[in-house]
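What follows is a single structure, written as structure tokens, with notes after it.
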Amino acid sequence: MSEARRIWLRAQRLDEAAPFGDGPAATRLATEHLGYVQIDTINVIERSHHHILFTRIPGYRREDLRAAQSQDKSIFEYWTHALSYVPTRDLVYFLPDMKQHKLTPSRWYADANPDDLRRMLRTIRRDGAISIRDIDDDELVEKDHPWASRKPSKRVLQLGFYNGDLTISERNGMVKTYELMDRHFTWNRRPRPATDKQVSAYFLDRALRSQGLVSLDSVAYMNAPRKPAIRELIESRVRRKLLVPVEIAGLEKPVAYYAAPETLDTLPEAPAALTHILSPFDPLIIQRKRTSAIFGYDHIFEAYVPKAKRRFGYFTLPVIVGEDIVAAIDLKTDRAGRKLLVQSWTWVGPGEASRHKQPIEEALDRFTAFQLGD
């Protein structure tokens, strides 16, 4: 089990202090290696996309992410298992989903009026990129979902986004600016979409790079329709000895794992006792069953759990020291008071105050500086 943890930590680049270096290029390199960085709206502490990048880039600046999206255009936003930043080099693997959404919109947009989208595209083509705040002639409606907007134009913009007609060219906080995708990327001709086989290979290769050890579920996380094709691809690579079946001792429920032979040739040594305060949306945490199986830690996202029933707290962050998850800390940023508040602190796994309290407090100091910095 320890070796499995080390392989995953190495794949996630959590066994080094600054694996992607420093400066603006580090943001692109980290996103390309991880494959995606999940975006989330909750901001009791810094939002997850900035948090995930800070975890791997100690000198990370929020401006670096804005520049990567809006100036360098080396990353873009789209849906992975959630809305995420994705490397632009991988965009061709998402073009088929955009095309499919245009042909058969999801249930959220199935009754949207195509004429509204055509009018919106004409407006943006004529007047330039637009945000929801630029639209002031909407007739407001009642929300039909807690995450919906009272402005019908937001739904139209989102339809264009998922169709691939529009892309998010800039983000200020959670306010998104929409631009014609072809104009944003200055395409004379749109790239050729990846084939279905290429998309399956992309998912598998992305998982091998960022997870080290993969299972069918971890490759096709939240993407059940793609499982048959990925299973077939895994079996093909095993036959060609490009993948090796791996048995992880100590699992409560047997799961078929696989790795590239070179991953197993030189197994990582015990990592330095680095301390990371992780976002609940970090790639090491978001696949809850996998985290539970390999780290023995069951993360519960309790923001939507009634207060009386919470075990750890509203927005609990797992803390890893070395190769063990040792604590779960509920934090809140007091921006007016310029401090980070510890709402609760729970030891988990092998965590104990005598060994782990000091390194965690030092990490909290660094985390506070990041939270309150520019």
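Any read-out appearing in this document is the output of simple, stated calculations on the displayed coordinates, not a laboratory observation. Everything quoted here is computed from the prediction, not taken from an experiment. Virtual Cβ from ideal backbone geometry, glycine too; neighbours counted across all protein chains shown.
Taking the Cα atoms only, what angle lies between the long axis of helix 353-372 and the longest principal axis of the chain, rounded to 10 degrees?
20
I need the P(r) histogram for region 275-372: all alpha carbon pairs, bin width 5 Å from 0 out to the longest distance, whole percents.
That works out to 3, 13, 23, 25, 21, 12, 3, 0, 0, in percent per bin.
If R₀ is 41 angstrom, what is the calculated FRET efficiency for the pair Asn43 and Gln358, using the beta carbon separation as r and rounding to 0.05?
After rounding to 0.05, the efficiency reads 0.90.
Of Thr316, Thr275, how do they rank once you tally other Cβ atoms within 10 Å and put the fewest first?
Working: Thr316 24, Thr275 20.
Ascending Cβ contact count within 10 Å gives the list Thr275, Thr316.
Starting from region 305-374, pick out the GluC sites (Glu not before Pro) whose DSSP state is loop and whose Cβ has at most 14 other Cβ atoms within 10 Å. Write down the numbers at each step before the final one.
Values: sites: Glu323, Glu352, Glu361, Glu362; in loops: Glu323, Glu352.
When the GluC sites (Glu not before Pro) of region 305-374 are filtered for loop state and at most 14 Cβ neighbours within 10 Å, Glu352 remain.
Rounded to whole Hz and in sequence order, give me ³J(HN,Hα) for region 292-304 from the Karplus expression 6.51 cos²θ - 1.76 cosθ + 1.60, θ = phi - 60°, writing x for Gly and Pro.
Working through the residues one at a time gives 5, 5, 8, 9, x, 10, 9, 7, 10, 7, 9, 4, 9 Hz.
Quick one: Thr167, Thr291, Thr266, fewest Cβ neighbours within 10 Å first, how do they rank?
Details: Thr167 26, Thr291 21, Thr266 7.
Ranking Thr167, Thr291, Thr266 by Cβ neighbours within 10 Å, fewest first, gives Thr266, Thr291, Thr167.
How much mean residue ellipticity at 222 nm does the chain get from its helices, if each DSSP H run of length 4 or more adds -39500 (n - 2.57) and you divide by all residues, to the nearest 500 deg cm²/dmol? Don't skip to the end; give the middle numbers.
Details: 14 runs with 143 residues, N = 374.
Result for the chain: -11500 deg cm²/dmol, rounded to the nearest 500.
To one decimal place, what Kirkwood hydrodynamic radius in Å is obtained for region 163-233 from all pairs of distinct Cα atoms?
Numbers: mean 1/r = 0.0684 Å⁻¹.
Value: 14.6 Å, from the Cα pair sum.
Distance in nm between label sites at Gln198 and Glu3, each 7 Å beyond Cα in the beta-carbon direction?
Distance between label points: 3.7 nm.
Could you give the nm distance between label points at Arg89 and Gln343, where each point is 7 Å from its Cα heading toward the beta carbon?
3.9
For region 26-67, just list the percent of Cα-Cα distances falling in each 10 Å bin from zero outward, please.
Reading upward from the zero bin: 29, 62, 10.
Grab the other residues whose beta carbon is less than 10 angstrom from that of Thr88, score K and R as +1, D and E as -1, and report the net. Let's see the in-between values first.
Details: positive: Arg28, Lys73, Arg89; negative: Glu32, Asp72, Asp90.
Net charge in that neighbourhood comes out at 0.
Give the order of Met181, Met222, Met1 when sorted by the count of other beta carbons within 10 angstrom, beginning with the fewest. Present the calculation step by step, with values, prior to reporting the outcome.
On the way: Met181 22, Met222 11, Met1 14.
Lowest count first: Met222, Met1, Met181.
I want to check the label-to-label distance for Tyr304 and Leu251. Put each point 7 Å from Cα in the C-beta direction and report it in nm to one decimal.
2.7
First measure r as the distance between the Cβ atoms of Ala110 and Leu267, then evaluate 1/(1 + (r/R0)^6) with R0 = 51 Å and state the FRET efficiency to the nearest 0.05.
Plugging the Cβ-Cβ distance into 1/(1 + (r/R0)^6) gives 0.55.
Past the 22 Å Cα-Cα mark, which pairs from Lys227/Lys289; Lys197/Lys241; Lys289/Lys332?
Details: Lys227/Lys289 17 Å; Lys197/Lys241 19 Å; Lys289/Lys332 26 Å.
The answer is Lys289/Lys332.
With +1 on each Lys and Arg Cβ and -1 on each Asp and Glu Cβ, and nothing else charged, work out how big the dipole of region 275-372 is about its Cα centre, in Debye to the nearest 20.
Values: 14 positive and 11 negative charges, 85 e Å.
Computed charge dipole of region 275-372: roughly 400 debye.
Going out from 0 in 5 Å bins, what whole percent of all Cα-Cα distances in region 216-347 drops into each bin?
Computed distribution, short to long bins: 2, 9, 13, 17, 18, 14, 10, 8, 5, 3, 1, 0, 0.
Could you compute the net charge surrounding Ala201? Neighbours are other residues with a C-beta less than 14 Å from the C-beta of Ala201; K and R count +1, D and E count -1.
Numbers: positive: Lys197, Arg206, Arg209, Arg226, Arg231, Arg237, Arg240; negative: Asp90, Asp196, Asp205, Glu232, Glu235.
With Lys, Arg at +1 and Asp, Glu at -1, the neighbours total +2.
In whole angstrom, and with the biggest value first, how far do the Cα coordinates of the chain range along each principal axis?
Dimensions of the chain along the principal axes of its Cα atoms: 62, 59, 41 Å.
Could you give log10 I(q)/I(0) at q = 0.13 Å⁻¹ for region 25-184, computed by the Debye formula over C-alpha point scatterers of equal weight, without solvent?
Values returned for q = 0.13 Å⁻¹ are -0.64.
Taking the Cβ of Ser279 as the center, what net charge do the other residues with Cβ under 14 Å away carry, scoring Lys and Arg +1 and Asp and Glu -1?
Local net charge: -1.
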